[in-house]
Amino acid sequence: MSSLKVQKRLASEVLKCGKKKVWLDPNEIGEIGQANSRQNIRKLIKDGLIIKKPHNVHSRARVRKNQGARRKGRHMGFGKRKGT
């Protein structure tokens, strides 16, 4: 298996995102490995062999649970109070 470090770096620059957000199709490693220019990378992106992963969503479940408890008066003791 060839290293796809260069392709991943080029793809991240073309897609304007970090290397972590670039997905390379594991079934097409040979074809992706041949790409050695930004133009080739753009073609692979157009063909769907390289994809920009979506952003991870920060879950607000913990915050909602805590706010519900605060409405009931929990977490409001002297030890939780800051400032004047």
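Below is a table of values for the structure above.
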read-out: Members of region 21-66 found to be charged (D, E, K, R) and without any contact (Cβ under 8 Å) to a residue 24 or more places away in the chain, listed by number; value: Glu28, Glu31, Lys43, Lys46, Asp47, Arg60, Arg62, Arg64, Lys65
read-out: Members of region 5-27 found to be over 14 Å from Arg42 (Cβ atoms), out of contact with any helix residue (DSSP H, G or I) (no Cβ under 6 Å at 6 or more places or on another chain) and buried (at least 16 other Cβ atoms within 10 Å of the Cβ), listed by number; value: Lys21
read-out: Criterion (of a type outside the set (A, V, I, L, M, F, W, C) and part of a loop (DSSP other than H, G, I, E, B)) met by exactly one of Asn66, Asn36; value: Asn36
read-out: The lone exception for Ser2 - which of (1) surrounded by 10 or more Cβ atoms within 10 Å (Cβ to Cβ); (2) at pLDDT 95 or above it fails; value: (2)
read-out: Matching residues, region 39-63, being part of a helix (DSSP H, G or I), more than 11 Å from Gln7 (Cα to Cα) and among the polar types (S, T, N, Q); value: Gln39
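The values are calculated or read from the model by the stated rules, or taken from the named source; none is laboratory data. These numbers were taken from a predicted model, which means no experiment stands behind them. Virtual Cβ from ideal backbone geometry, glycine too; neighbours counted across all protein chains shown.
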